[in-house]
Structure formats: C-alpha cells, structure tokens
C-alpha cells in the first residue's frame, strides 16, 4: 500500500527543505523524507551560510535562524609545514544588516529550515529512507520505495536531495561521472571552548566570528584546510582529494592532528575539548562533471546534483543547495500546472539554474578545481610565497639587502619552477576569476 502526494522530496537538508517549502507554499501536497531521526542529524558541516538566497524564501531568517556568529573576519592562509602567510580581512559591515555570512551548526539550522517547510504544509517523515525509485514501464519516475512497511510513496514529481553520490540519481542513470577523482573527503573536529576564550584567541567580540581558509599544510595531499568559530566551539578540519588520500595510505585524523599542531594554528585550538569528529564526501569535480539533473518525473538538487562550489577564493555549499532546491520546487509546481512532468516538461528547472548564480558560477569557474589540485598550487607555490616573504623580512646586516627582484628570481630557481608553467597557471586563474 502506498501514500499519494503531488511532490515527494527526498532528503531534508537545505536543498530538500527549500524545495519542499516552495512547493508547499504553492498549495501542492508535499512529502519530505529524512532518513535521520530529525533534519540535520546526519549532516557533517564545517562552516558558513551565506544568507542572500534566504532573503526571498524566509525574509525573517536574520532574526529567526539558529546562527552562531556573523563572519566579520575572513582570512586566507598560505602555509607550509612550518610557515604561513595570511591575508586577513575584517569589516564591521558584515556584522550589520543585511549581513554577509554566518557560521551555523547544521543540526540546528536544518531542523529550523525544515520546520519552515512543514509550517507551509509539507509532511515530514523522519527515520525514513528512500530505498529506490518507483517507475512506469517506460522508465518515468512515479514515486519512491521506502524502508517503512507498506511505506511506498507515489508522486507526480520526485525531487532527489539525498546527498552526494545520490543513490536515486544513480538508479535513474544520471551519474556518468561518479569516479573518486570527482570527490573530496571533508573531515572535521569540533573543539569546545568558552565564549570568552574564543573572543580572546580570535580577537573578536560579541557575535563577530572568523572564517580561515588554508592552502597547504595538508601533508602533501591535494586539498585544503579550514577553521571556523562558533559561539562556544571551533570547527577545524581538512578537505582532501579522495584518490590522493587513498594513495597516501594516511588516516584523516592524523592529518588533522598535524594541522592542529601547525605553528600558526596551535595557539588557536590547543586545549579545546573534542566535542565531535565527523567525515563527509564532497562533490568537487567541475562543471563538465556535474550529473544530469532532469529525468521524466525526477529532479536532482543540492549535493546530489554536485552543486558545491570549491573555487579557492569562494568555498560555498549551503547557498547553492538552497538555490537549486528552490528552483526544483518551482519547476515541479510549474510542470504540474501545465500537466507535463516529463523531462521536457521539467526543463524549466535547468533554465532557472542557468539564469541564477547556481549554474552561472559553476560555468564561470569550471577550470578552477583542476587548477587548485595541481602540484604547483598545492605545494610549490605556498613554499615559494612563504620563502620569498621570509627572505624579504630577514635582516642580514651587515650584508646589503638583496632587493625584491633578486629574491623572487632566486626562490623561483630554488623551487625548480618553470616560468611557462607559472604563466599557464596565471592565465588559467585570470580567465577563471576575471
């Protein structure tokens, strides 16, 4: 025996909650499935939510959402094993309306956002796993099977927001690029401190917070690090290229321990009480590696659609999940109104994504993931930059100062870098970020 809804959304993370919220507000019957005991219980998350996408969906989010700290200090650290150079930007404007970004704990944020969907009329079914797709003989999706006894669900449209490496999208044949090279592993520790201690260590006050992104200091494995402040805890972790991690034979927790022992990091994290350790796959391919997102009766959004932006300067996920989920909800409602939920009838979803930041940013930055993962960016350039700065500020009296040009040329030669490779990387970065 099955239940009947107009739209079934699988996964109550930010993408699923946004899809369910939009669809329910239109008056459609919506089922929101969550495999955990409550929305957010299964999610690993390190950092920052950028709220502009919420302005339209939940205008009161600034006052209502369970946020930790407003990010008023954004740092990019280039590190070797013993050195670091940090660009440290601070602005009071980000600590005032309309705000730019905030740290959050996903169990709290996801539960709040899913509640907005249920308030709009969606039916939340927790502790329920979608085990497969219900399909007609022609392959069109008409619902999902679940692990509940007699708990199958019929729906005109299924929106798969079931996370990275989506099982539903794979079952529909929408994942042509599912190799390990398109994924990273995010590993994180949450360390508990008093609010006063966090303010002292990070030089902030009140609800102001810090976001530190780190290039280098990953044990020679392609990836990066991060450090975020919550109200009474600090999230520290790494994002590691999956094949490189496997090839290294090292454990992620060893690499986090090394990061925490780095001379620039240890004063910020030592003595913290371990509150949580978690790990999570992250889609980090490129524009051409995104899965198909539309099938007869099926849309794919959020991490399930590979929509996580990892572009060095910009590291964003939740806003892309919310944006794609909202677009999926709108497209499903529109298709149902026209009486056509085939792949062609649901094409409005792609148009919505292409006309917003969701796919526009991915298209613009499609060359960046490959650039960031190359050996020069990961190791040679951090070492080069730190060596240049160290030489620049090392006083060698009575020896005369060598001058910047000489230092740069000497360190480039010492690093064994070729100017043509550096020029190629610079041109790729200019085209991508320009």
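The values are calculated or read from the model by the stated rules, or taken from the named source; none is laboratory data. Since the structure is predicted, the reported quantities are computational estimates derived from the model, not experimental observations. Positions of Cβ are backbone-derived with ideal geometry, glycine not excepted, and every protein chain shown enters the neighbour counts.
Key figures for this structure:
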read-out: Wholly enclosed helices (runs of 4 or more DSSP H) of region 298-393 bearing at least 1 residues modelled with pLDDT of 95 or more and outside the structural domain of residue 21 (by TED's automatic domain parsing); value: 381-393
read-out: Hey, residue 323 farther than 23 Å from residue 176 by Cβ, under 16 Å from the mean Cα position of the chain (by Cα) and surrounded by 23 or more Cβ atoms within 10 Å (Cβ to Cβ) or not; value: yes
read-out: Residue in region 37-45 that is outside any loop (DSSP other than H, G, I, E, B), over 20 Å from residue 72 (Cβ atoms), assigned by TED's automatic domain parsing to the domain that holds residue 155 and touching a helix residue (DSSP H, G or I) at 6+ places or on another chain (Cβ under 9 Å) present; value: no
read-out: Residue that is modelled with the highest pLDDT, among those in region 21-43 that are within 25 Å of residue 102 (Cα to Cα) and surrounded by fewer than 18 Cβ atoms within 10 Å (Cβ to Cβ); value: 38
read-out: Qualifying residue in region 91-107 (condition: loosely packed, with under 15 Cβ neighbours inside 10 Å, over 24 Å from residue 209 (Cβ atoms) and either touching a residue at least 40 places away in the same chain (Cβ under 8 Å) or not assigned by TED's automatic domain parsing to the domain that holds residue 49 (or both)); value: no
read-out: Test: residue in region 390-404 that is without any contact (Cβ under 8 Å) to a residue 60 or more places away in the chain, surrounded by 14 or more Cβ atoms within 10 Å (Cβ to Cβ), closer than 18 Å to residue 222 by Cα and in contact with a helix residue (DSSP H, G or I) (Cβ under 6 Å, 6 or more places away or on another chain); value: no
read-out: Any chance residue 259 is closer than 25 Å to residue 76 by Cβ, buried (at least 19 other Cβ atoms within 10 Å of the Cβ) and either touching a helix residue (DSSP H, G or I) at 6+ places or on another chain (Cβ under 8 Å) or modelled with pLDDT under 95 (or both); value: no
